[in-house]
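First comes the structure, then the notes that go with it.
Derivation of every value follows stated rules applied to the coordinates shown; laboratory data play no part. What you are looking at is a predicted structure, and each value in this text was computed from that prediction instead of being measured. Heads up, the Cβs are rebuilt from the backbone with ideal geometry, glycines too, and the neighbour counts pull from every protein chain shown.
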Amino acid sequence: MAKEKILVIGASGQIGVELTMALRKIYGNQNVIASDLREQNSLLEGTGPYVSLDVMNKEMLHVQVIRQNITQIYLLAAILSATGEKNPNLAWHLNMQGLLNVLDIAREEKLSKVYWPSSIAVFGPTSPKLNCPQQTIIEPSTVYGISKYAGEFWCNYYHQRYGVDVRSLRYPGLISYKSAPGGGTTDYAIEIFHAALEEKKYKCFLEADTYLPMMYMPDAIRATLELMEAPSNKISIRTSYNIAGMSFSPEEIAASIQQEIPDFEISYKPDSRQNIANSWPQSIDDTVAYNDWGWKPEFDLDKMTKDMLVNLK
Ligand code: NAD
Ligand code: SER
């Protein structure tokens, strides 16, 4: 097998930190180069190479890919749903041009693989709410969702037309304790754990009964690695795969936390993020990912709650 050299773009973010550490375990510290616009996350310090990089600067990105003999890129730089609604032009620009820069360089330099995540945000108010299937009505209503859906088709296009082996997952809301979330609608499900431990109370920006698809970070990292390691002939979806972990509402996660911290209290003050949440499905059907490359989540709500609280303490 040819030696892989991996560039992670957006490595200082919520997923980037954990994915970089997981990739370093598999491919060796020196073979996974972390990069970001902002400074290196402290958890990555001393664990391997880091370069400061703006994915929008295609020339510099191309130079790094050639100079470092990069064979794979994991592109995680993006603006998420809630931040995207505050600055739609910037979100569109970064989420689209960043991806096109990476796909072009992957084609020119014949990279072996590219990873780029999509999101459950591709689905909109007209998509089925329960067990939303892989292929269905998709009419996103946020700029983030529009950019992810367009991005999925660019991935498919570069695969069909130029043979770029680009793979993608539609992540649900991701919950983690190592690095902070970056401005999404599902961030409440992380804030709530910090508030429960620090103040024993939390004011939620979504209503009590807002169900959303969610996943614990260890499952998301494993899904990413399993997808990327799957033989090419097992990948039937070249837009982006639905994957599911769990589905819960704010009142359900609060009840799960109360099993561990009985005097924890939750109150509700919905803001503009409620409209975004209302436009998304409540749960996801990931049968195609299961059939193609065997995807199965390990964490349910209570198992995740226990693990989050133990680790945050
Ligand atoms: P994040 O905001 O935590 O991290 C993104 C990182 O990209 C940040 O460290 C940021 O500094 C960096 N970045 C921004 N602009 C850049 C640029 N021009 N050049 C280089 N780096 C830049 O986001 P995340 O939660 O880690 O998400 C990573 C990817 O996964 C995104 O594509 C996101 O849409 C997708 N996703 C995340 C979730 C989730 O719940 N976290 C769910 C679905 C999909
Ligand atoms: N967690 C992400 C968000 O809320 C979903 O892509 O934006």
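Here are some notes:
- Taking θ as phi - 60° and the Karplus parameters 6.51, -1.76 and 1.60, the scalar couplings of the range 184-191 work out to x, 6, 8, 4, 4, 6, 9, 3 Hz in sequence order, x denoting glycine and proline.
- Two-decimal Rg/Rh across the range 1-143, once Rg and the Kirkwood Rh are taken from alpha-carbon atoms: 1.01
- Stretched out straight at 0.36 nm per residue, the stretch from E139 to K269 would grow longer than its current Cα-Cα span by 44.1 nm.
- Taking amide H as placed 1.01 Å from N in the peptide plane, V166 has its amide H under 5 Å from the amide H of V114, each at least 5 places away in sequence or on another chain.
- Neighbour net charge for N311 - beta-carbon separation under 14 angstrom, K R +1, D E -1: +1
- For the chain, diffusion coefficient by Stokes-Einstein and Kirkwood Rh (Cα), 25 °C, 0.890 mPa s, µm²/s: 124 µm²/s
- Residue order, fewest to most surrounding Cβ atoms within 10 angstrom, among D285, D263, D187: D263, D285, D187
- DSSP bridge orientation in the chain - percent antiparallel, rounded to nearest 5: 10 percent
- For E265, the residues whose modelled amide H falls within less than 5 Å of its own, excluding neighbours fewer than 5 places apart on the same chain, are K201, Y202.
- Span from the the range 82-129 Cα centroid across to the the range 232-253 one, whole angstrom: 17 Å
- A simple rule links phi to the HN-Hα coupling: the Karplus curve 6.51 cos²θ - 1.76 cosθ + 1.60 with θ = phi - 60°, which for the range 114-129 gives 10, 10, 8, x, 9, 7, 4, 5, 5, 6, x, x, 8, 6, x, 6 Hz, with x for Gly and Pro.
- Here the label points at E191 and R222, each 7 Å from Cα along the C-beta direction, are separated by 3.0 nm in the simple model.
- Fewest-first ordering of Y177, Y74, Y157 by other beta carbons within 10 Å of each residue's beta carbon gives Y157, Y177, Y74.
- Sequence of T186, T83, T71 once ranked by neighbouring C-beta atoms within 10 Å, starting from the fewest: T83, T71, T186
- Prolate/oblate/rounded call for the range 213-313, Cα gyration tensor, a/c under 1.5 rounded: oblate
- Annotation for N89 and Q258: the two label points, set 7 Å from Cα along the Cα-Cβ direction, are 4.7 nm apart.
- Partner lysines whose Cα lies under 17 Å from the Cα of K234, excluding those fewer than 8 positions away in the same chain, are identified as K113, K296.
- Near the amide H of S247, within less than 5 Å, lie the amide hydrogens of M214, all on another chain or at least 5 residues away, with H placed in the peptide plane.
- Legend: calculated FRET efficiency, K296 to K129, from the Cβ-Cβ distance at R0 = 25 Å, rounded to 0.05, equals 0.60.
- Computed from phi, the 3J(HN,Hα) profile of the range 175-183 under the Karplus parametrisation 6.51, -1.76, 1.60 (θ = phi - 60°) reads 10, 8, 10, 7, 10, 6, x, x, x Hz, with x in place of Gly and Pro.
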